[in-house]
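The structure under discussion appears below in the form of structure tokens.
The values are calculated or read from the model by the stated rules, or taken from the named source; none is laboratory data. Keep in mind that this is a model prediction, so the values were computed, not measured. Cβ sites come from the backbone with ideal geometry, for glycine too, and all protein chains shown count toward neighbours.
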Number of protein chains: 2
Amino acid sequence: MEVARTIEDARLAVRRARQAGRSVHLVPTMGALHEGHMSLIRAARAPGRFVAVSIFVNPTQFGPGEDLEKYPRPVEADLALCRSAGVDLVFMPSPEQMYPEGFATSVHVAGLTDGLCGPHRPGHFDGVATVVTKLFNIIQPDTAYFGQKDAQQAAVIRRMTEDLNLPIEIVVCPTVRERDGLALSSRNVYLSPGARRQAVCLSEALRLGERMIRAGQTDSAKVIEAMRTHITSAGPCSIDYVEIVDPRTLRPVSRLAGPCMLAVAVRIEGTRLIDNVVVE
Amino acid sequence: MEVARTIEDARLAVRRARQAGRSVHLVPTMGALHEGHMSLIRAARAPGRFVAVSIFVNPTQFGPGEDLEKYPRPVEADLALCRSAGVDLVFMPSPEQMYPEGFATSVHVAGLTDGLCGPHRPGHFDGVATVVTKLFNIIQPDTAYFGQKDAQQAAVIRRMTEDLNLPIEIVVCPTVRERDGLALSSRNVYLSPGARRQAVCLSEALRLGERMIRAGQTDSAKVIEAMRTHITSAGPCSIDYVEIVDPRTLRPVSRLAGPCMLAVAVRIEGTRLIDNVVVE
């Protein structure tokens with residue numbers, strides 16, 4: 001496994017792989033790798049494939065007062081996990097590599113970023129779209145892998161990739177969960193034991209909502225109300241949103257007919273957790 | 001010469017060229033080709049090279065009230081010029097090809113777009129940066145050619161290309177002028193005979209400013225005043241700006257020491273003309 005800390009080294013490694021006739025596959029991450037990331041790497045791996053994992057805690061997708069400084073960076077553990085998973089290249093650039101002095105360009109995706117996490121994290125999706133565009137141009141993969149847990153991010157990246165004519169296939173893999181249902185997230189390490197127990201209320205609320213819809217409930221407001229009640233009754237928390245949206249446009253749906261996505265964002269003891277489920 | 005009207009056809013033509021071992025070179029244009037464009041094509045041409053010219057009157061870089069509808073589109077003449085210049089591929093997509101329903105992504109370059117044409121054409125440079133990013137991703141050229149006449153556009157595209165890590169070299173070619181000094185522009189066809197005679201005041205003002213600086217004048221305001229006086233005394237017009245800026249940052253320079261760029265934008269009988277000269 002090669003570790004590239006500069007854009008030039010990453011490009012060289014990819015060029016060698018291409019010259020050897022291998023296809024190139026990218027798993028972009030912010031590190032603090034967990035089983036969710038590993039499932040993306042496994043989805044990327046296959047004989048003849050060159051798998052690159054980028055590890056970059058991207059400052060431009062964190063807002064003021066967010067957890068940029070304390071975001072976990074267990075570099076050695078991440079590298080060991082990548083090695084054991086058969087990753088070919090880990091690209092770990094510095095912020096200065098990615099954003100040298102004079103950097104001035106941003107990529108914006110309208111519409112899809114208006115709701116859900118958008119209003120709660122101003123600038124976040126511009127930061128994501130911009131850094132992913134850069135990673136795509138540096139590695140030039142055939143496919144790139146993202147988790148369904150960050151559903152809005154995946155939708156934004158799909159849209160951006162298509163709109164900017166990047167010749168890259170976006171693969172979105174299912175959310176990986178703890179046994180009690182909690183969606184894996186690098187931020188789960190922030191949770192105290194009490195908050196960890198309480199945090200299961202997100203996935204429980206999603207399952208509750210899903211059951212109501214499958215049982216025939218077509219009024220979004222009723223489903224949302226039941227989900228909110230479930231979350232607030234689990235303990236003190238601050239709900240950013242509980243929403244039911246069109247999985248394609250991410251716009252709120254009031255009358256439930258076709259497929260929909262239930263999405264929640266909740267802060268427990270200051271830690272912001274998100275989760276979602278698509279009901280077909 | 002091949003003419004591709006779809007993104008897929010353009011990609012196919014480029015892929016064949018790559019498979020044949022040719023490097024790929026792009027001249028992005030809005031058509032209405034003149035000697036300025038031809039100089040870009042000549043700069044791109046060399047043995048073994050595959051030269052693509054895109055012709056696309058990009059709606060997103062025109063503001064409300066600008067000349068999108070009346071912008072000249074002499075398709076047959078353009079194709080004949082490309083053929084005679086040895087162009088390999090003309091990419092002529094429709095607006096629907098480039099901006100299908102649901103299109104939502106834009107590329108923004110901050111700072112460089114704050115001055116000069118930026119405030120006078122809100123959204124223009126986002127439209128330019130976005131369409132050029134798309135063209136770069138569709139054609140994936142080794143080098144791309146732009147004219148110094150649109151100096152701010154060239155600076156924005158250089159910045160965007162570097163910031164987004166597009167592996168493309170940007171080549172900026174000198175402004176081509178009529179014998180009397182008027183910079184070539186597809187918009188010159190809008191000029192009445194009287195306006196055409198008057199329009200020479202732009203390049204005259206630039207030469208006047210350049211002479212003053214070479215003669216030792218270091219006060220920007222004095223040079224700008226003389227240039228404005230020259231332009232207004234040539235006939236009725238509306239000056240968008242007369243500025244002296246740093247050629248790298250495009251920020252106004254008040255005390256002239258190092259290299260600088262003199263830039264003017266003037267409306268004559270409703271036609272907006274721009275021109276510039278760099279004084280080393």
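A few points about this structure:
- Residue that is in contact with a strand residue (DSSP E or B) (Cβ under 6 Å, 6 or more places away or on another chain) and not charged (D, E, K, R), where the choices are A:47, A:28, A:100: A:28
- Annotation note: of A:263, A:205, the sole residue that is in contact (Cβ under 8 Å) with a residue 24 or more places away in the chain and outside any helix (DSSP H, G or I) is A:263.
- Residue match in segment B:101-108 (condition: under 28 Å from residue B:188 (Cβ atoms), of a type in the set (Val, Ile, Thr), outside the structural domain of residue B:191 (by TED's automatic domain parsing) and touching a residue at least 24 places away in the same chain (Cβ under 8 Å)): no
- Scope segment A:164-215; condition crowded, with 18+ Cβ neighbours inside 10 Å and basic (Lys, Arg); matching residues: A:196
- Any hit, segment A:263-276, residues being closer than 30 Å to residue A:24 by Cβ, modelled with pLDDT of 95 or more and in contact with a strand residue (DSSP E or B) (Cβ under 8 Å, 6 or more places away or on another chain): yes
- Scanning segment A:153-177 for residues being away from every other protein chain (no Cβ under 13 Å) and touching a residue at least 24 places away in the same chain (Cβ under 8 Å) gives a total of 10.
- Considered as a group, the residues in segment A:88-125 that are among the aromatic types (Phe, Trp, Tyr) and out of contact with any Ser or Thr (no Cβ under 6 Å at 6 or more places or on another chain) include one that is farthest from the other protein chains (Cβ to nearest Cβ), and that residue is A:99.
- Among the numbered conditions (1) crowded, with 18+ Cβ neighbours inside 10 Å; (2) not in a loop (DSSP other than H, G, I, E, B), the only one that residue B:229 does not meet is (1).
- Residue B:180 under 30 Å from residue B:144 (Cα atoms) and part of a strand (DSSP E or B): no
- Residue that is surrounded by the most Cβ atoms within 10 Å (Cβ to Cβ), among those in segment A:232-278 that are hydroxyl-bearing (Ser, Thr, Tyr) and farther than 17 Å from residue A:153 by Cα: A:271
- Being of a type in the set (S, T, N, Q), more than 14 Å from chain B (Cβ to nearest Cβ) and either more than 16 Å from residue A:86 (Cα to Cα) or surrounded by 17 or more Cβ atoms within 10 Å (Cβ to Cβ) (or both) holds for only one residue in A:6, A:29, and it is A:29.
- Test: residue in segment B:38-57 that is over 15 Å from the mean Cα position of the chain (by Cα), among the aromatic types (Phe, Trp, Tyr) and surrounded by 19 or more Cβ atoms within 10 Å (Cβ to Cβ): yes
- Scanning segment A:119-141 for residues that are farther than 16 Å from residue B:107 by Cβ and either touching a His at 6+ places or on another chain (Cβ under 6 Å) or buried (at least 18 other Cβ atoms within 10 Å of the Cβ) (or both) yields A:121, A:124, A:138, A:139, A:140, A:141.
- Segment B:16-29 residues that are under 20 Å from residue B:133 (Cα atoms) and in the same structural domain as residue B:134 (by TED's automatic domain parsing), paired with ones that are part of a loop (DSSP other than H, G, I, E, B) and among the acidic types (Asp, Glu) (beta carbon under 7 Å, 6 or more apart): B:23/B:142; B:24/B:142; B:25/B:142
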